[in-house]
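Notes follow the structure.
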Amino acid sequence: MHHILETLWHVLTETLPLMPFLYLTYLAMEALERYAGEKTQRLVRRAGRAGPALGGVLGIIPQCGFSASGAGLYAARVITPGTLVALFLSTSDEMLPVMLSSAVPPLRIVKLLAVKVVVAIAVGFMLDAVIRLLRRHKNAAATCVHDHDHEEEFRMEELCRSGHCHCDERPVWLSSLIHTASVGAVIYLVSLVLHSLIHHGGEALIERVAALPSVLACLVTSVIGMIPSCAASVALTELHLSGGLSVGALMAGLLTGAGAGTIVLLRANRPRKNTLVLLAMLYVVGVAVGTLIDLTPLAGWLA
């Protein structure tokens, strides 16, 4: 009984710090939708092309709040797909505090973060450029990753209607709070399940990855990284620091790890196919970059 209560409390302490970020995000989006109107939305769209650079830099801050906020903003089509992907790829989750607490040389940490940021920004800009090119040739319908200014965009009012929250009937602060509580409850429940799975056999599975060839290890760690729980990034980082995981395999897992952002994206974004394509893209990038690192001198430079 004591262990169950301890687990419930531990997951709660991981989830609660996300709530201010989510609340401020929903508050800003609903205020934007209700009071700013089309003029402000057009301004956000015009500024959005530089979004991948901003997302890539913000993501390195070691917490899940920005990725969760980014997922909510993308679900409302306020930011571009490239901005969201850049934010997800650069999110370091618990890697930074674990390495700092383990007395890893600062230069090594900076190199790892720099690679994540460069990859995130490059992929984000390329994704947005490809989408614009497809739309320019009137082939955007052939892809399920829609640009943020698509004429059938999924705006905040659609998000509200899909949740049957009757947002327009309540004050902005209250409807934003309802959104936050709803998403927070989902994050807590999912994180609770994942936390239990990882700490009851999951760590042993991760350790077996150490014996795999580089490419196979990256394939597996990229999947592990996508688990929306801080425990995944902690386990991967500690395994790497103990010598059981290559730097490429570590990077593969860290690139795909978006923390609670993945949960928010799965819950709020429509259509589902769009979400799956974005997550598949994250996985491919993680595997490709991790394998490239292990097979090139980059591994020695990062180590």
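The values are calculated or read from the model by the stated rules, or taken from the named source; none is laboratory data. The model shown is predicted, which means the values in this text are computed figures rather than measured ones. Cβ sites come from the backbone with ideal geometry, for glycine too, and all protein chains shown count toward neighbours.
List the number of the failed condition for Thr83; all other conditions in (1) out of contact with any Pro (no Cβ under 7 Å at 6 or more places or on another chain); (2) over 16 Å from Thr180 (Cβ atoms) hold.
Of the numbered conditions (1) out of contact with any Pro (no Cβ under 7 Å at 6 or more places or on another chain); (2) over 16 Å from Thr180 (Cβ atoms), the odd one out for Thr83 is (1).
Any residue that is within 16 Å of the chain's Cα centre (by Cα), part of a loop (DSSP other than H, G, I, E, B) and closer than 14 Å to Ala71 by Cα - is there at least one of those in the range 260-273?
There is at least one residue in the range 260-273 that is within 16 Å of the chain's Cα centre (by Cα), part of a loop (DSSP other than H, G, I, E, B) and closer than 14 Å to Ala71 by Cα.
Mind checking which residues of the range 237-259 are assigned to a loop (DSSP other than H, G, I, E, B), over 12 Å from the mean Cα position of the chain (by Cα) and touching a residue at least 12 places away in the same chain (Cβ under 8 Å)?
Gly244, Leu245, Ser246
Could you please give the count of residues in the range 37-93 that are crowded, with 24+ Cβ neighbours inside 10 Å and modelled with pLDDT under 70?
2
Just the residues that are more than 29 Å from Pro297 (Cβ to Cβ) and either surrounded by fewer than 11 Cβ atoms within 10 Å (Cβ to Cβ) or not aliphatic (A, V, I, L, M) (or both), please, taken from the range 102-140.
Of everything in the range 102-140, those that are more than 29 Å from Pro297 (Cβ to Cβ) and either surrounded by fewer than 11 Cβ atoms within 10 Å (Cβ to Cβ) or not aliphatic (A, V, I, L, M) (or both) turn out to be Asp128, Arg132, Arg135, Arg136, His137, Lys138, Asn139.
Could you list, in sequence order, all residues of the range 212-222 that are surrounded by fewer than 17 Cβ atoms within 10 Å (Cβ to Cβ) and assigned to a helix (DSSP H, G or I)?
Val215, Leu216
For the range 285-298, which positions are surrounded by 17 or more Cβ atoms within 10 Å (Cβ to Cβ) and more than 24 Å from the chain's Cα centre (by Cα)?
If the condition is that a residue be surrounded by 17 or more Cβ atoms within 10 Å (Cβ to Cβ) and more than 24 Å from the chain's Cα centre (by Cα), then Leu298 is the only one that fits.
Tell me which residues, restricted to the range 84-117, are in a loop (DSSP other than H, G, I, E, B) and over 28 Å from Ala71 (Cα atoms).
Listed by number, the residues that qualify are Ser102, Ala103, Val104, Pro105.
Could you give every pair whose Cβ atoms fall below 9 Å, whose first residue belongs to the range 277-291 and is without any contact (Cβ under 8 Å) to a residue 60 or more places away in the chain, and whose second residue is of a type in the set (Phe, Trp, Tyr) and in a helix (DSSP H, G or I), counting only separations of at least 6 or pairs across chains?
Sorted first by the residue in the range 277-291, then by its partner, the pairs are Leu279/Phe88.
Answer with yes or no whether Ser214 is farther than 13 Å from Asp294 by Cα and hydroxyl-bearing (Ser, Thr, Tyr).
Considered against the rule, which asks whether it is farther than 13 Å from Asp294 by Cα and hydroxyl-bearing (Ser, Thr, Tyr), Ser214 comes out as no.
Can you tell me which residue is surrounded by the fewest Cβ atoms within 10 Å (Cβ to Cβ) among those in the range 227-236 that are hydrophobic (A, V, I, L, M, F, W, C) and not in a loop (DSSP other than H, G, I, E, B)?
Result: Val234.
Can you tell me which residue is nearest to the chain's Cα centre (by Cα) among those in the range 1-34 that are among the polar types (S, T, N, Q) and either at pLDDT 75 or above or outside any helix (DSSP H, G or I) (or both)?
Among those residues, the one meeting the criterion is Thr15.
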